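A short reminder: the numbers here are calculations on the coordinates, not readings from a lab. Just so we're clear, the structure is a prediction, and the values are computed from it rather than from any experiment. A quick note on method: Cβ atoms are made from the backbone with ideal geometry, for glycine too, and the neighbour counts reach across all protein chains shown.
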Amino acid sequence: MNATIEKYTPKLMVLPTFVILLIISLVPLIYVLGISFTDSTISKPFNDFIWFENYKKALTDEVFGDSLVNTLIFAFVVTTIQTFLGFVLAFAMQRERKLSGVLRTLALLPLFTPPVAIAMIWRLIYDPNQGMLNYYLVKWGLTNAPIAFLGDKTLAFPSIMLADIWQWTPFCFLLCLAALQSLPRDPYEAAMVDGASAWYVFKRLTLPMVAPQVIVIFLFRFLIALKVFDLIYMLTFGGPGNTTQVASFYIYRVSFKQFQTGYGGALSILVLILISVLATLLTKGRELLLKRVE
Amino acid sequence: MKKLTLVLSVFVVLAMLLAACQPAATPAPEKPAEPTKAPEKPAEPTKAPEKPPEVSAAVNKEVCSGKTIKFLTIQPHNVAAQNLQTWFQEVSGATVELIVVPYDNVIEKAVLDVTSGANEVDVVEYWYPGLGTLVESNVLENLDQWYVDNAGWLKADDFFPTYFDTFTKIGNSRYGIPYDGDMHILWYYKPLLEKYNLKPPATWDEYLNVCKTITEGEKGAAYGCAIMGAKIPLILIGTYLNRLGSYGGSFFDANGKPVINSPEAVAALEGLVEQSKYALPTASAVAFDEALGGWFTGKVGMVEFWTDLGSMTDDPTASKIVGQWGVVPLPKGPGDKGKVVASVNAGFGVGVSTGSKNKACAFEFLKFTADPETAKRYNTVVGGIDPVRKSTLEDPKYIEFVGKEVADAIREAHKNAVAWPTSALWFKLQEPLNDNLSLALTGQKTPKQALDDTQKAWEDLLK
């Protein structure tokens, strides 16, 4: 009797969590997968079973293809810069100095600001007629006329990236700081005794020890960046043209502006598959890299 | 790996079973409503009246007292909605809660409220091109009988024909009342035009000349025109329709066939692209806020905007150009087909949600909003609501409020109003048009290419 209780108790303890997770994650997933095989609209869910027609349409949809490319470029660029900046900032602020607490809090402010507020701040900064950025660019003679950062087909995407970097660098900073502060002190003391230079310590001790965590931070942030939506919605609505259209925003437009929820479901599943494949590849890449570092 | 494949296969089978087992829904309508042509016949009531029509719009306190209703409205009409909220609460004893959403989200919010079963909303303020979608999604109550019952005081023939059918009617039935009549007219800032001895333009060629002259003369200190070209359907398609209609083009022909790449339509887009080169930078990123920012600060010579801009401009707390503006109808297009039009860009109706939990009181709110006397009240305070009734436009109090010049311009505009389509398919159709207009405006496609691509996309969607 006791053996049976001992055997099943852990499973029973986990059961509520398992059921809740099942409901909140798998049920919607099965629902979306279900409607992706239908010609559903928002008012007619599961309208006409059409097999793989939505998937066929998605694979020939140029706008969707472009939005996927935009998503990957966006995620890779911002994640690389944010991880680098976050690490540099964390490295600079890891030691306790005067005002370091205040500086850390200030550095984290963008992370605590609601995305809508961040978008509004950057929209005001970029405004060609009353924006701060154009005011100084013109005042300092760097440009003759104001620049429409969000209306220019070449500048719009980098402008959104800049806002995203400002918003998310603190996330990388915070995690990098935690990683750096968790490193063992003994190797550093030994290096000091041996008279190692600061650069040598960084290259031979800090970097190898912190690399596994930094790669995980990159991976987390990359996966989050693939889902960017709020800044696009608030700053450019995917324009000008389709230059800033990313996959999540396109899915939103298809599902909630054109009300084609069946097709939107198929696009969501394709993006999910893409993200899963990327996550697997990145995880494998991390393992290979760690082996090399070791 | 085998386990993963097995699990995935189970999901796919489950999902396909789920999809395949659902009952088939009713088919979608095959073609869109004719966009620029108002239906010729008035709505036919579905039932004969069982009781004499109400002669008074007085609110029935009994059905509202102590009740709470929720009014879905758009952010730009928040002040007007607050007025309605206060006034209705005073006469009905009900509590009105406002649900305020961005103007481009109101249709999806209304649809999701009903289709999700949330049923929070009692009364819906809707953007009229979404009417077909709302009706198809069964979001709005049919008002045929309501119109019959309230004919005595409602005076439906007092509504501008431009708005009445377009804002309320799908097929032979009505689903709302006209609430905000939103047409574009051309506003100009007198000091800038006078500085260059320019007259307000009567044609689009003159418009280009005025815009170019001021922009080149001011060297960045001001611009001849602000063109709202941000990639939002209401904004960008509205700006294009101002030209499309006046060049003699339309979205569809009389048979509902797309004609968006007609020579007139291409010429209208070429005109827009050319004008945008001299507009407040940069047209492709200019929406309400940017255009108004330039206008209120005297940095813009001309702006195509709604008829309430005068009262907003004369508010010294918001504007630096109080009393220094003029207004004329939109410019005329070139050639034989060219004409002066007024595009009904935006425009809102009000209806009762099928998901309303306080339907009786919601209908009282509808009645209160439709009352000609209430209309006069909300049309004579700053709040973004433009008249939908002829009597309001002729009301001395309204003329005093907006100024004779504006009232005359509105009266003139009604002679050649062009409206957006209201078919349930329109929300699918407007997206490729919006994309391609934006691509043309940013030079990524030629106007011809952009409209050819739109035509193809529309033909595919309408197959």
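Distance from the C-alpha centroid of region B:445-463 to that of region B:347-376: 39 Å, rounded to the whole angstrom.
Over the Cα atoms of region A:54-293, the radius of gyration divided by the Kirkwood radius equals 1.05; this is the Rg/Rh ratio.
Applying 1/(1 + (r/R0)^6) with r as the Cβ-Cβ distance of A:Ala279 and A:Ser25 and R0 = 22 angstrom yields a FRET efficiency of 0.90.
Summing Cβ point charges (Lys, Arg +1; Asp, Glu -1) relative to the Cα centre of region B:139-295 gives a dipole of roughly 420 debye. Between the exposed loop cleavage positions of chain B, defined as GluC sites (Glu not before Pro) in a non-H, G, I, E, B DSSP state with at most 10 neighbouring beta-carbon atoms within 10 angstrom, the longest gap is B:51-463. Listed by chain and number, the aspartates and glutamates whose alpha-carbon sits under 17 Å from that of B:Lys415, ignoring those within fewer than 8 places in the same chain, are B:Glu40, B:Asp157, B:Asp158, B:Asp165, B:Asp182, B:Asp386, B:Glu394, B:Glu405. Hey, what did chain B get for relative contact order, percent, Cα under 8 Å, at least 6 apart? Here the relative contact order equals 25 percent. Counting only Cβ charges, +1 for Lys and Arg and -1 for Asp and Glu, the dipole size of region A:54-293 around its Cα centre is about 240 debye. Note on A:Lys7: lysines with a C-alpha under 29 Å away, same-chain residues under 8 apart excluded, are B:Lys2, B:Lys3. With all projection directions averaged, the alpha carbon convex hull of the protein assembly as shown covers 42.7 nm².
Placing dummy labels 7 Å off each Cα toward the beta-carbon, the span from B:Ala318 to A:Arg286 is 5.1 nm.
Taking Cβ atoms as reference points and 14 Å as the exclusive limit, the residues near B:Cys225 contribute a net charge of -3, counting Lys and Arg as +1 and Asp and Glu as -1. Using just the C-alpha positions of chain B as equal point scatterers, what log10 of I(q)/I(0) does the Debye formula give at each q in 0.07, 0.13 1/Å? Scattering profile of chain B, log10 relative to I(0): -0.38, -1.20. Packing-based ranking of A:20-30, A:259-269, B:376-386 yields A:259-269, B:376-386, A:20-30, ordered from highest to lowest mean Cβ neighbour count within 10 Å. Which entries of B:Lys190/B:Lys320; B:Lys67/B:Lys376; A:Lys257/B:Lys109 show an alpha-carbon separation above 19 angstrom in the structure shown? B:Lys67/B:Lys376, as the Cα separations exceed 19 Å there. The Stokes-Einstein estimate for region B:245-333, based on a Kirkwood radius over Cα pairs and taken at 20 °C with 1.002 mPa s viscosity, is a diffusion coefficient of 141 µm²/s.
GNM, chain A, Cα, under 10 Å: largest mean-square fluctuation among A:Ala196, A:Ala279, A:Ala119? Most flexible of the set in this elastic network: A:Ala196. Hey, how much of the P(r) for region A:30-149 falls beyond 22 Å, as a percent of Cα pairs? That tail contains 68 percent of the Cα-Cα pairs.
Straightening the chain between B:Ser65 and B:Glu459 buys 136.6 nm, computed as 0.36 nm per residue apart minus the Cα-Cα spacing. With a Cα cut-off of under 15 Å and a minimum spacing of 8 residues unless on different chains, the lysine pairs in region B:418-463 number 4.
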